[in-house]
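Take a look at the structure set out below.
The values are calculated or read from the model by the stated rules, or taken from the named source; none is laboratory data. What you see is a predicted model; the values in this text were computed from it and never measured. Cβ coordinates were reconstructed from backbone atoms using ideal geometry, including for glycine residues, and neighbour counts include every protein chain displayed. The accessibility values were calculated without ligands, DNA or RNA, using every heavy atom of the protein model including side chains. Shrake-Rupley method; radii C 1.70, N 1.55, O 1.52, S 1.80 Å.
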Amino acid sequence: MDTKLQLSAVPQLEMGSHDGRPVLGHEDKSQLHGTDNMMHKSDFIHMSEGGSFPGVSCAGSVKMLSHGICRSIKIVLFSNKLNLLMPFGPLAILVHILTDNQGLVFFFSLLGIIPLAERLGYATEQLACYTGATVGGLLNATFGNATELIISIHALRVGMIRVVQQSLLGSILSNMLLVLGCAFFSGGLAFIKKEQVFNKSTAVVNSGLLLMAVMGLLFPAVLHYTHSEVHFGRSELALSRFSSCIMLIAYGAYLYYQLRTQDNQYEPLNEEVGQGSQNVDDDDEEPEITKCEAVLWLAVMTAWISFLSEYLVDAIDGASNTWKIPVAFISVILLPIVGNAAEHAGAVMFAMKDKLDISLGVAIGSSTQIAMFGIPFCVVVGWIMGRPMDLNFRLFETAVLFITVLVVAFLLQEGTSNYFKGLMLILCYLIVAASFFVHVDPTKGT
Amino acid sequence: MGPADERMELDSDEKIPLSTPPSARKSHTFDFEAVHFSPRAGPLKLWIRKQMKFRPLRSIYIVLLTAKINILLPFGPLAILLHYLTGKHGLVFFFSLLGITPLAERLGYATEQLAFYTGSTVGGLLNATFGNATEMIISIYALKNGMIRVVQQSLLGSILSNMLLVLGCAFFTGGIVHHEKVQVFSKAAALVNSGLLLMAVMGLMFPAVLHFTHTEVHFGKSELALSRFSSCIMLVAYASYIFFQLKVQPNLYGQISQEGAHEEDSEDEDAPEITQWEAIGWLAILTLWVSILSGYLVDAIQGASDSLHIPVAFISVILLPIVGNAAEHASAIMFAVKDKLDITLGVAIGSSTQISMFVIPFCVVFGWLMGQPMDLNFQLFETATLFVAVLVVAFMLQEGTSNYFKGLMLILCYLIVAASFFVHVDPSNDDD
């Protein structure tokens, strides 16, 4: 989602000054303080009539209301090319009811969720225009990976714990390797003569957080596999729950720290960035729908995604049998494509515009979010629901994650990018995907 | 260390030749006239003898009564009393822990004082040896009792506590106090230490992996031989590191310490507060005291574990190192708050390096001499923990800056590690 950019891209702003991005949007609409979401509004997402209209109050005459609704629907639902995929959602439900072809149901619900996820990000952005930087950042942090979280919660409810673990893991891997790799690759090809640079310090902080998350995942797994727990099978669940709380605290501190440091960095940047010198993103400063509409659409999209996810999750096993591919492959490789499709496109587009910091914010920020927030959150939700969801992601998955984080952290620490690095990351992802194509759990425990 | 500025750390800015005339040093002392002054007329001799009478008392006063931490001193004898009167190992353990803490701190103080007299080179060596004297003494006692796992785990815990907890608290408090700016430290020193830590981890990993992939030539014996060989190599590496530090460091670490050193806090450390012989005497006394208490401490571990219902691993890895590190902890935080991050880093990471490259191999060799099968195979879980922790810390340090968030992350990592050890027992309780 673009919304994920909000918080993760924000720290890049301090050094992004030379890019002349209108990152702050402080120019005129200072009261809106929709600072963070400005820069990442991609072209293709808002091919709408960039008609900006000031916030209309929710109350009003009935005529105005119906006009508002029509206009809102037009803006949200019809202005984006991606929304062509929307009919696949109801189609999936139809197929589910009429036939028993789980493979088709799975495929169609996948396609149907993609535009919804993207629109959810759009609605979050719009809402952040109204709520200011702080709450906007928090919104983004929560809803940024809403799709993955919703799918995971559904899977948790049904008790498919391995699916949850693997889909979250796959989301991290896909963001770190595939999205980043494609961005570096395409950016490198577009700017083949020079080397693109990005801000090292943010990348280093995020890599540090990812390493810490890996540490949180590593200990329960190693504890379990060296059979060195006090109460076999139970201790590592308790440890996982404790570690999840710690990781949530760390993530909260990270948000706080990010918001504080960027507050200090913003004021001086204002004067430099100033007026004009902005390019495409000018028309993104104004929100396109009102606050109430944004909230409503947020709710509608979430409900819709929730609905479709149920069919998606129920169809996983059947699809695995029909297509003869392991459930691991579906969870790790196919499912994350859904939640990440929009981010993918956004990151590639920004890389091609030589705005690598935003691409990095999208990709690595999203990985950090899932690792430090999404996974612990699912553990806690599982705790509340009474599901034994833990941080023991099994040895193979944990080892893959560990090595991937090391590779990516190493590649990022230099602060430059070129198409070769991008190609390496993509090839790494292919290797990972191939490994999961031939991977089943040693004992079929979900 | 030179008479000029420095503390007990190895970072001295000027190398003072060992043969500085003592009178020059004594001229700095503000407290009392030492006998080394050129003796003058007769009436003075009387006065000097009078002074001498008070010296032991004054010495005791300076060493024992001026540090607030010494309030904990009575816990030592109390622990011994409890040991003989009751059978409550939990209390004995707890009290001896409390009793050793001030002794460890005073031991560091005595080493500092002695280092004033011996010059930077020997002072550096002194610090390198006695810096972790408490851990060494506890480990030797445990070795003698054959509690090899306790030795391994307590040394590991000391490394982890230094790298994660002490450093994290220092970064955190320093970051909060100086939250308008970003604190910097010398990257070069941090990188060298990280490299050494990684080498130590490598030395620990190979025996463990060899053992656990069952790929040794003589199962059970090869990795002991490998451990002993690796330990000798690591001791050689550590010696060259000390050599390198003492020869090169005036240039490497000198600039930073020079700027920072001429501040308020170093003025009152210019002068040694006790004489050279007193320092040696106190060194001996404190070491003896620590040894005695360690004996009771180590004996009470098993009982404390049973009565408090916590795994021995948790006691060894988390609780024991708190004892040896309490003083370092406090001083690291204090220096971070004063914006002298290089010294903080020297304390924390330097101590970790010392333990991993010196104390652990030393214990292996010592066990070799004693006939105990102490090896570098720290078992898979501990080795993995150490490996990941070293990676995380090395990664955090490579940037050369610090802020409260990094400190918080390190502290939280330590909490995760502590929680893991709270639910950790050895898979087969064989080598205790």
Computed ³J(HN,Hα) along the range A:297-309: with the Karplus parameters 6.51/-1.76/1.60, θ = phi - 60°, integer Hz and x for glycine or proline, the list is 4, 4, 5, 4, 4, 4, 4, 4, 4, 4, 4, 5, 4
What is the distance in Å between the Cα centres of the range B:333-393 and the range A:350-418? 30
List every residue whose amide H lies under 5 Å from the amide H of A:GLN196, counting only residues 5 or more places away in sequence or on a different chain, with H placed 1.01 Å from N in the peptide plane. A:SER417
In Å, the Kirkwood hydrodynamic radius from C-alpha pairs for the range B:124-174 sits at 12.2
Sorted by chain and then number, the residues having a modelled amide H within less than 5 Å of the amide H of B:GLN183, at least 5 places away or on another chain, are B:SER402
Before we go on, tell me the buried accessible area for the B/A pair, both chains summed, 1.4 Å probe, in Å² to the nearest 100. 2900
Probe 1.4 Å, all protein chains in place: accessible area of A:VAL381 in Å², nearest 10? 20
Karplus couplings for the range B:410-427 from phi (6.51 cos²θ - 1.76 cosθ + 1.60, θ = phi - 60°), rounded to Hz, Gly and Pro as x? 5, 5, 5, 4, 5, 4, 5, 4, 4, 5, 4, 6, 5, 10, 10, 10, 5, x
Any idea how far the Cα center of the range B:181-201 sits from the one of the range A:183-260, in Å? 21
Charge context of B:SER161, other residues only, Cβ under 13 angstrom, K/R +1, D/E -1: -2
Using only the Cα atoms of the range A:83-194, build the gyration tensor, take square roots of its eigenvalues as a ≥ b ≥ c, and label the shape rounded, prolate or oblate: rounded if a/c is under 1.5, else prolate if a/b is larger than b/c, else oblate. prolate
What does the average come to when, for each residue of peptide B:228-240, you count the partner chain Cβ atoms lying within 10 Å of its Cβ? 0
Would you work out if the range A:170-221 is rounded, prolate or oblate? Take a ≥ b ≥ c from the square roots of the eigenvalues of the alpha-carbon gyration tensor; rounded if a/c is under 1.5, else prolate when a/b is larger than b/c, oblate otherwise. oblate
Per-residue mean of other chain beta-carbon atoms within 10 angstrom of the beta-carbon, peptide B:406-418? 5
Among B:78-84, B:294-300, how do they line up from the highest to the lowest mean number of other beta-carbon atoms within 10 Å? B:294-300, B:78-84
Tabulate in residue order the Karplus-calculated ³J(HN,Hα) for the range B:187-203, using 6.51 cos²θ - 1.76 cosθ + 1.60 with θ = phi - 60°, rounded to whole Hz; enter x for Gly and Pro. 5, 4, 5, 4, 5, 4, 5, 5, x, 5, 4, 4, 5, 5, 4, 4, x
Calculate, in nm to one decimal, what B:LYS221 and B:LYS68 gain on full extension: separation in residues at 0.36 nm each, minus their alpha carbon distance. 50.2 nm
How many percent of the accessible area of the range A:89-437 is carbon or sulfur, using a 1.4 Å probe? 69
Distant-in-sequence amide H partners of A:GLU229 (H built 1.01 Å from N, under 5 Å): B:VAL425
What pairs in A:LYS200/B:LYS338; A:LYS81/A:LYS355; A:LYS421/B:LYS187; B:LYS68/B:LYS338 have C-alpha atoms more than 22 Å from each other? A:LYS200/B:LYS338; A:LYS81/A:LYS355; A:LYS421/B:LYS187
Sticking to Cα atoms, compute the Rg of the range B:52-427 to one decimal and its Dmax as the biggest Cα-Cα distance, whole number, in Å. 20.5, 67
Relative pair counts by distance (%), Cα atoms of the range A:89-437, 10 Å bins: 5, 23, 34, 26, 10, 2, 0
Over the range A:154-253, average the accessible area per residue using a 1.4 Å probe and give it in Å², no decimals. 29
Under the rule a/c < 1.5 gives rounded, and otherwise a/b versus b/c splits prolate from oblate, where does the range A:105-170 land using the Cα gyration tensor? oblate
